[in-house]
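One structure below.
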Amino acid sequence: MSRQLEWHIMFRTHGVTDPRVSAFSIGDGFPKFMEENNVELGTLLVIERVDVELLHVTIYRRPDETTPVLTPPPSPQTDLRPHFRKTLRATNVRVSKSTRLDIPTAFWRSLGEERFNGAWYTLEGPLHTVLVKSATYSSAKQTFCFLTKGWIDFVAMNRLNLGDTVVFTLVDVAEFEVTMV
């Protein structure tokens with residue numbers, strides 16, 4: 001959607017140990033979302049997890065039978081190169097020494113944590129290319145991978161803002177192409 005709106009939705013799993021199997025919405029957030037976005041039977045919702053508190057929803061409506069169906073041009077992601085999508089939050093764009101971008105767990109695990117432990121990556125942005133350093137942080141319960149040193153320069157030089165959604169596509173061993181969605 002072109003407009004960025006938020007609905008507070010809570011989910012609960014019931015009778016299953018794996019939340020990917022079955023989850024139910026509780027409260028009135030999801031019904032409000034459905035009503036305000038005219039979601040009807042046959043509407044496809046693609047829900048992407050941005051982080052632990054944020055879901056991104058893309059709505060695909062069934063085409064009207066009188067409207068010709070246009071096939072969109074092939075997406076640059078159809079070549080199946082490793083990639084991830086991020087919607088930028090305040091911690092990703094504020095001007096600070098601690099500004100960083102967290103790399104989604106599924107992405108860095110698919111490539112291996114060692115690839116992000118102090119390695120330098122070239123980020124080819126829409127306006128400028130910047131060299132950034134990756135880092136890992138491990139606690140007793142989990143591990144995080146980040147883009148750190150140079151990241152805030154990339155944000156500024158490519159005029160990225162809070163709420164922008166960007167796709168990072170791995171184009172070489174140590175190089176990402178970064179495009180705005």
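The values are calculated or read from the model by the stated rules, or taken from the named source; none is laboratory data. All values derive from a computational prediction rather than experimental measurement. Cβ coordinates were reconstructed from backbone atoms using ideal geometry, including for glycine residues, and neighbour counts include every protein chain displayed.
Okay, here's what the table says:
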read-out	value
Residue list for the stretch 76-133, restricted to those being polar (S, T, N, Q) and within 17 Å of VAL173 (Cα to Cα)	SER110, ASN117, THR122, THR129
Residue match in the stretch 28-48 (condition: touching a Ser or Thr at 6+ places or on another chain (Cβ under 7 Å) and at pLDDT 60 or above)	yes
Complete set of residues in the stretch 62-100 that are over 23 Å from MET10 (Cβ atoms), modelled with pLDDT of 75 or more and part of a loop (DSSP other than H, G, I, E, B)	LEU80, ARG81, PRO82, LEU88, ARG94, VAL95, SER96, LYS97, SER98, THR99, ARG100
